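Following: one structure in structure tokens, then a few remarks.
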Amino acid sequence: MHELPVTESILRIVLRHAEEARAVKVIRVSLRIGELSDVVDEWVQRYFDYLSRNTIAEGAVLRIERSPVVFRCPACAKDFPFDVKRIEDVTCPDCGGNSVEFVSGREFYVKNIEVL
Amino acid sequence: MENIRLVEIKEEILSDNRNLAREIRENLRVNRVFMLNLMSSPGAGKTSLILHTIRALKKECRIGVIEGDIDSMVDSEKVANEGVPAVQIRTGGACHLDAPMIDKALQKTDLKNLDFLIIENVGNLVCPAEFDTGATKRAMILSVPEGDDKPLKYPLMFTICDALVVNKIDYLNLSDFDMEALKARVLKLNPNIRIFEVSCRTGDGIPAWTQWLRAEIEASKK
């Protein structure tokens, strides 16, 4: 639901870096977004297409990489990805411990752009 | 195609919002004001909990409320009736409050004459979780009729909050809501979260909640 302000921020970041790199056109934008973020990829692209009209980013394709939710086992220091929907069953794949800590899954950044 | 270059960026998408939120938090710290961002689904009891909180604490500290509402003044009128200042933000359809909106509201707020500021965010468990408002602490309400499975559906919200208020516990006997299962799910995502079981209808559990707030307000004074 908040794809519009998110996409405005993405475009602002993309244009700033593209200008610094003296680019004439942005071809592709890679984003890294954690599984915990409820951003709908299709809407981000649609808003991007709309907002980027008449800029050098017009027509750029967004590539969204999702990072999994990762937990850590404090007993053996193992990090492992896990489906948050089954969180009750979360156990360490190495030692079977079930007192895990949430580590990551909230990434939300522009990774890189491909430009001409 | 020739001449395609890769430009590494690695920049947080919401960095502008985050930076402004940090400035707001610093400004609150300097003014010794505790600001709470209160979030929940529509109808979980944000306004009811705020009214209970005001009644419990208004004799001992100076309270203000920032009301986020899509397009009405209903909640801010209820708050104003309790004799505390309320600033209404009409989001005009936006699904959350962000740092620029709070910054604007704070410009209309006299921080020097406040100890405790409550933000009533827009009713929504998704978008408000993503936007730092600059609040000192974050709390959410989950009401019993919504179900104990909500941490599985909206994990981000449960991850970012310092306190969870489970409201409408007077409905527990009428539902198959499993409080222990809820707590187990929430604590897996966020082991440090404080959980309060309350009923805004009967007043049960409200003192433990206001005691937590009292300690946070005190801590902001130091």
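The values are calculated or read from the model by the stated rules, or taken from the named source; none is laboratory data. Quick caveat: nothing in here was measured; it's all calculated off a predicted structure. Cβ atoms come from the backbone with ideal geometry, glycine included; neighbour counts cover every protein chain shown.
Checked against (1) more than 26 Å from residue B:94 (Cβ to Cβ); (2) basic (Lys, Arg); (3) within 14 Å of chain A (Cβ to nearest Cβ), residue B:168 passes all but a single condition, namely (3).
Yes or no, residue by residue, for (1) more than 12 Å from chain B (Cβ to nearest Cβ); (2) at pLDDT 95 or above:
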{"site": "A:2", "(1), (2)": "no, no"}
{"site": "A:6", "(1), (2)": "no, no"}
{"site": "A:22", "(1), (2)": "no, yes"}
{"site": "A:28", "(1), (2)": "no, yes"}
{"site": "A:43", "(1), (2)": "yes, no"}
{"site": "A:46", "(1), (2)": "yes, yes"}
{"site": "A:109", "(1), (2)": "no, yes"}
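One residue stands out in the stretch B:148-165 among those that are crowded, with 19+ Cβ neighbours inside 10 Å and assigned to a helix (DSSP H, G or I): the one that is farthest from the other protein chains (Cβ to nearest Cβ), namely B:150.
Screening B:48, B:76 for residues that are within 22 Å of residue B:165 (Cα to Cα), surrounded by fewer than 20 Cβ atoms within 10 Å (Cβ to Cβ) and hydroxyl-bearing (Ser, Thr, Tyr) leaves exactly one candidate, B:48.
Identify all residues within the stretch A:79-114 that are part of a helix (DSSP H, G or I), charged (D, E, K, R) and either within 23 Å of residue A:65 (Cβ to Cβ) or within 17 Å of the chain's Cα centre (by Cα) (or both); write none if there are none. A:85, A:86 - these are the residues of the stretch A:79-114 that are part of a helix (DSSP H, G or I), charged (D, E, K, R) and either within 23 Å of residue A:65 (Cβ to Cβ) or within 17 Å of the chain's Cα centre (by Cα) (or both). Residues that are within 28 Å of residue B:5 (Cα to Cα), more than 9 Å from every other protein chain (Cβ to nearest Cβ), surrounded by fewer than 18 Cβ atoms within 10 Å (Cβ to Cβ) and at pLDDT below 95 are absent from the stretch A:89-96. Of the helices (runs of 4 or more DSSP H) that lie entirely inside the stretch B:1-102, those containing 2 or more residues that are within 21 Å of residue B:160 (Cα to Cα) span B:15-30, B:46-57. Residue B:182 meets the conditions (1) within 29 Å of residue B:114 (Cβ to Cβ); (2) part of a helix (DSSP H, G or I) in every case but one. The failed one is (1).
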